[in-house]
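Everything on this sheet refers to the single structure shown next.
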């Protein structure tokens, strides 16, 4: 074997070993939901609007979220992620997300079942108010990348 061939084989083996020893990096996923009264079930008829962005790191099972809203007909009372449910279906709350002053943000760690539901588009964000205690604004979380 020539010296160059031996060097190339050694280099290829070193690269393969380094790649095998490196931890796999999971792709961070992003989800978005547009909040509206029309998405509520039944519709709240609110003219309020908002949006939420969620990131999921599958390697740590951590989600982070940030969003805003405006134009509520009542004072915000609570906010939650709900699931599992398709758009137009209702489900119980699975994760609180305190909201005040037109903004909300936070983070949490999910279990494998919750991650699967989120990935499958079966989670929604719901903002409750004094005028609409069952929910004034809702947005189904859909994966954007």
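The values are calculated or read from the model by the stated rules, or taken from the named source; none is laboratory data. Predicted model only: the values in this text are computed from it and were never measured. Cβ sites come from the backbone with ideal geometry, for glycine too, and all protein chains shown count toward neighbours.
When you go through (1) in contact (Cβ under 8 Å) with a residue 60 or more places away in the chain; (2) farther than 30 Å from residue 27 by Cα; (3) not in a loop (DSSP other than H, G, I, E, B) one by one for residue 77, which number turns out not to apply?
Single failed check for residue 77: (1).
So, in region 53-74, how many residues would count as being assigned to a loop (DSSP other than H, G, I, E, B) and either touching a helix residue (DSSP H, G or I) at 6+ places or on another chain (Cβ under 9 Å) or surrounded by 15 or more Cβ atoms within 10 Å (Cβ to Cβ) (or both)? Before you say what the answer is, go through the steps one by one.
Step one: filter region 53-74 for residues assigned to a loop (DSSP other than H, G, I, E, B), giving 58-61, 71-74.
If we keep only those that are either touching a helix residue (DSSP H, G or I) at 6+ places or on another chain (Cβ under 9 Å) or surrounded by 15 or more Cβ atoms within 10 Å (Cβ to Cβ) (or both) as well, we get 58, 61, 72-74.
The qualifying residues number 5.
Return the residues of region 111-139 that are surrounded by fewer than 21 Cβ atoms within 10 Å (Cβ to Cβ), touching a residue at least 60 places away in the same chain (Cβ under 8 Å) and either over 21 Å from residue 99 (Cα atoms) or within 11 Å of the chain's Cα centre (by Cα) (or both); say none if nothing qualifies.
119
Would you mind stating whether residue 4 is assigned to a helix (DSSP H, G or I), over 14 Å from the mean Cα position of the chain (by Cα), surrounded by fewer than 10 Cβ atoms within 10 Å (Cβ to Cβ) and at pLDDT below 95? Give the steps one after another, and end with the answer.
Values: assigned to a helix (DSSP H, G or I): yes; over 14 Å from the mean Cα position of the chain (by Cα): yes; surrounded by fewer than 10 Cβ atoms within 10 Å (Cβ to Cβ): yes; at pLDDT below 95: yes.
Taking the combined requirement at face value, the residue satisfies it.
With 33, 50 as the choices, which residue is at pLDDT 95 or above, closer than 13 Å to residue 81 by Cα and in a strand (DSSP E or B)? Walk me through how you get there before you give the answer.
Values: 50 fails: closer than 13 Å to residue 81 by Cα.
One residue alone meets the criteria, 33.
Would you please name the residue that is nearest to residue 141 (Cα to Cα), looking only at residues in region 78-98 that are in contact with a strand residue (DSSP E or B) (Cβ under 7 Å, 6 or more places away or on another chain) and surrounded by fewer than 16 Cβ atoms within 10 Å (Cβ to Cβ)?
Restricting attention to region 78-98, the residues satisfying the condition of being in contact with a strand residue (DSSP E or B) (Cβ under 7 Å, 6 or more places away or on another chain) are 78-83, 85, 87, 91-98.
Subset that is surrounded by fewer than 16 Cβ atoms within 10 Å (Cβ to Cβ): 78, 87, 92-93, 96, 98.
Numbers: 78: 18, 87: 9, 92: 15, 93: 14, 96: 15, 98: 17 Å.
Restricting to residues being in contact with a strand residue (DSSP E or B) (Cβ under 7 Å, 6 or more places away or on another chain) and surrounded by fewer than 16 Cβ atoms within 10 Å (Cβ to Cβ), the top hit is 87.
Which residue is farthest from residue 40 (Cα to Cα), if the candidates are limited to region 92-110 and must be in contact (Cβ under 8 Å) with a residue 12 or more places away in the chain and assigned to a loop (DSSP other than H, G, I, E, B)? Working first, answer last.
Pass one, region 92-110, residues in contact (Cβ under 8 Å) with a residue 12 or more places away in the chain: 93-100, 102-110.
With the extra rule that they be assigned to a loop (DSSP other than H, G, I, E, B), the set shrinks to 97-98, 102, 110.
Values: 97: 17, 98: 19, 102: 19, 110: 24 Å.
Looking at the filtered set, the residue picked out is 110.
Pairs needed: first member in region 43-67, on the phi < 0 side of the Ramachandran plot and free of Cβ contacts under 8 Å to residues at least 24 places away in the same chain; second member anywhere, in a strand (DSSP E or B) and buried (at least 16 other Cβ atoms within 10 Å of the Cβ); C-beta distance under 6 Å; at least 6 residues apart or different chains.
Note: pairs meeting the criteria are 53/32.
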